[in-house]
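Q: Pasting in a structure now, in structure tokens, and then I'll have a few things to ask.
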Amino acid sequence: MRRTWLALARRLYHTKVLLPLTQGRDELANLHANTQIPKLIGLARLHELTGRRGDADAVDFFWKRVTQHHSYVIGGNGDREYFSAPDSIAAHITEQTCEACASYNMLKMTRHLYSWAPDAAYFDHYERTHLNHILAHQNPRTGMFTYMTPLMSGVAREYSSEDNDFWCCVLSGMESHAKHGDSIYWENGDTLFVNLYIPSTLEWKAAAARLELNTRYPYEGDIELKVRRLATAVYFHVYTDSASDCTRRPDTVAHARRSSLRSSELMLFWILILSILYCLRRRHESSRDCAGLSGLHRRRYGRYQRGSGRRCVAHRFGLLGWR
Ligand SMILES: [Zn+2]
């Protein structure tokens, strides 16, 4: 049965689009963005089932090209739903930028890539898109959704209506806003990854632990992760994307040494990628012990620029961007 479905999946392989990506060629200009992204998600799943390296390479290349050469400061892509030439988005600041479905699907693809290799760069893009685009996708007063998120100055977002507007982005919006807690934490054996700073409580079965994350990030930089319960003595690792360290005392709340992410205007987008993964190891003796870590995720002003021959720069405060 499995072979049948795999054979069918191969029949659906769109050679014209996927082969250049497998060969490391960006021929995305003038292609409909959100038609291509699910093809790559399918390819990611094929790689997971078959282990074929070329499929993974194509997904990785596509993700890097889209996030680094075709994406706006809010993480979205596409003008009137289409990719333009690489590094030309500054010439495409229009009333029809950033279809929500395209960002939604790029986040899906990001999760595949991160599961193969947990590189912080993946969740830099994920968080930037989540905070700037996905959250802006829904009107919190009415619950209605946008199709596009226009980056052109003075253009208002248009929202769906209860009776007359039901787009693809309404459906992806329903999914997006049921998934805010989807990837805050990931686990791998005795390792816990804290990917997103969203207030939450985690019941972590592998470590028989309950953890609590408190923050008002991104509006404030303070982040606190508390271990509320441990049923057994256990070591575990916590990866965060802020430069942190903790004390060794298992029965007290540990405080991180506050240090900032390094940034440089010359490095532009790569400011975020400079987040350093720190591994924190703690040994907990009993269920009464309470430990944790806290830190300051320093939000700096930065610039985001994609070359196009025009003088166009977006400004950012931390991960929040505006033009
Ligand atoms: Zn859509």
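Q: Within 17 Å of Trp63 (Cα to Cα), away from the ligand (no atom under 15 Å from the Cβ) and out of contact with any helix residue (DSSP H, G or I) (no Cβ under 9 Å at 6 or more places or on another chain), is that true of Pro140? Steps first, answer last, please.
A: Values: within 17 Å of Trp63 (Cα to Cα): no; away from the ligand (no atom under 15 Å from the Cβ): yes; out of contact with any helix residue (DSSP H, G or I) (no Cβ under 9 Å at 6 or more places or on another chain): yes.
It is false that Pro140 is within 17 Å of Trp63 (Cα to Cα), away from the ligand (no atom under 15 Å from the Cβ) and out of contact with any helix residue (DSSP H, G or I) (no Cβ under 9 Å at 6 or more places or on another chain).
Q: Step by step: first the residues of region 97-135, then only those that are among the polar types (S, T, N, Q) and closer than 26 Å to Val155 by Cα, then the one that is farthest from the ligand (Cβ to nearest atom). Which residue is that?
A: Asn132
Q: Now for a different question. Name the residues in region 150-170 that are within 11 Å of the ligand (Cβ to nearest atom) and at pLDDT 95 or above, would you?
A: Ser160, Cys168, Cys169, Val170, listed by residue number.
Q: Please go through (1) within 16 Å of the ligand (Cβ to nearest atom); (2) closer than 24 Å to Ala120 by Cα; (3) small (Gly, Ala, Ser) for Ala44 and return the number of the only condition it doesn't satisfy.
A: Status for Ala44: all satisfied but (1).
Q: For the structure I just gave you, tell me whether Arg228 is away from the ligand (no atom under 16 Å from the Cβ) and not assigned by TED's automatic domain parsing to the domain that holds Tyr104. Step through it out loud before you land on a result.
A: Values: away from the ligand (no atom under 16 Å from the Cβ): yes; not assigned by TED's automatic domain parsing to the domain that holds Tyr104: yes.
Considered against the rule, which asks whether it is away from the ligand (no atom under 16 Å from the Cβ) and not assigned by TED's automatic domain parsing to the domain that holds Tyr104, Arg228 comes out as yes.
Q: With Leu192, Leu196 as the choices, which residue is part of a loop (DSSP other than H, G, I, E, B), within 18 Å of the chain's Cα centre (by Cα) and surrounded by 17 or more Cβ atoms within 10 Å (Cβ to Cβ)? Spell out the reasoning first.
A: Values: Leu192 fails: part of a loop (DSSP other than H, G, I, E, B).
Checking each option against the conditions leaves just Leu196.
Q: Mind counting the residues in region 77-96 that are within 13 Å of the ligand (Cβ to nearest atom) and either crowded, with 22+ Cβ neighbours inside 10 Å or of a type in the set (Asp, Glu) (or both)?
A: 3
Q: Quick one: would you say Ser172 is surrounded by 15 or more Cβ atoms within 10 Å (Cβ to Cβ), among the small types (Gly, Ala, Ser) and part of a loop (DSSP other than H, G, I, E, B)?
A: Values: surrounded by 15 or more Cβ atoms within 10 Å (Cβ to Cβ): yes; among the small types (Gly, Ala, Ser): yes; part of a loop (DSSP other than H, G, I, E, B): no.
So Ser172 fails the test.
The values are calculated or read from the model by the stated rules, or taken from the named source; none is laboratory data. Just so we're clear, the structure is a prediction, and the values are computed from it rather than from any experiment. Positions of Cβ are generated from backbone atoms using ideal geometry, with glycine treated the same way; all protein chains shown enter the neighbour counts.
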